[in-house]
Amino acid sequence: MHLQKVYTALLTADLAAAEDWYTKLLGRGPDNRPMATLVQWELFDQGGLALSTDDEIAGRGVMFFYVADVAAERRRLEGLGIVLGDDIAGDYSTLAQVRDPDGNLLTLATPPSRPFPPA
């Protein structure tokens, strides 16, 4: 398989509300709106985030973000009304979690302090 791009897709019951929330989280609006039920952010050359509607299974997603500084992100997000949970000491970095309006779990983490063991 030769991958061109990967999107993490999270499902929401209310696309407009989710778009507003993720616009705050990411600091900008979506880049693409391929159809009425889908918005996309281009986060990197080969990866992005997609939000789509699905009332039946919305809120069961999980996403992990590495950020340069969890404490700085905490302060920025709190100013926007998004409150992260307490810091969690991980084996490789500091983590903090928040649920989006649908209940999808997002974890913010500092970059790993050392390489992960090989699989």
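The values are calculated or read from the model by the stated rules, or taken from the named source; none is laboratory data. Only a predicted model underlies this, so the values are computations on that prediction, with no experimental measurement involved. As a convention, Cβ positions derive from the backbone with ideal geometry for all residues, glycine included, and neighbour counts pool all protein chains shown. The accessibility values were calculated without ligands, DNA or RNA, using every heavy atom of the protein model including side chains. Shrake-Rupley method; radii C 1.70, N 1.55, O 1.52, S 1.80 Å.
Worth a mention:
- Residue within the range 17-24 that is under 16 Å from the mean Cα position of the chain (by Cα), among the polar types (S, T, N, Q), surrounded by 14 or more Cβ atoms within 10 Å (Cβ to Cβ) and assigned to a helix (DSSP H, G or I) present: yes
- Residue match in the range 39-51 (condition: modelled with pLDDT under 95, farther than 18 Å from residue 10 by Cβ and not aromatic (Phe, Trp, Tyr)): yes
- If you check 115, 101 for being modelled with pLDDT under 95, open to solvent by 60 Å² or more (accessible area, probe 1.4 Å) and under 16 Å from the mean Cα position of the chain (by Cα), only one passes: 101.
- Restricting attention to the range 59-97, the residues being hydrophobic (A, V, I, L, M, F, W, C), in contact (Cβ under 8 Å) with a residue 40 or more places away in the chain and part of a loop (DSSP other than H, G, I, E, B) number 4.
- Filtered residue count, the range 82-94, keeping only those that are at pLDDT 95 or above, open to solvent by less than 50 Å² (accessible area, probe 1.4 Å) and more than 20 Å from residue 27 (Cβ to Cβ): 1
- Any chance residue 68 is in contact with an Asp or Glu (Cβ under 9 Å, 6 or more places away or on another chain), modelled with pLDDT of 90 or more and within 25 Å of residue 116 (Cα to Cα): no
- Among the residues of the range 55-72, those identified as open to solvent by less than 50 Å² (accessible area, probe 1.4 Å) and out of contact with any helix residue (DSSP H, G or I) (no Cβ under 7 Å at 6 or more places or on another chain) are 58, 59, 61, 63, 65, 70, 71, 72.
- Neighbours by Cβ (under 9 Å, 6+ apart or cross-chain): first from the range 22-43, under 27 Å from residue 84 (Cβ atoms) and acidic (Asp, Glu); second in a loop (DSSP other than H, G, I, E, B) and at pLDDT 95 or above: 42/30; 42/31
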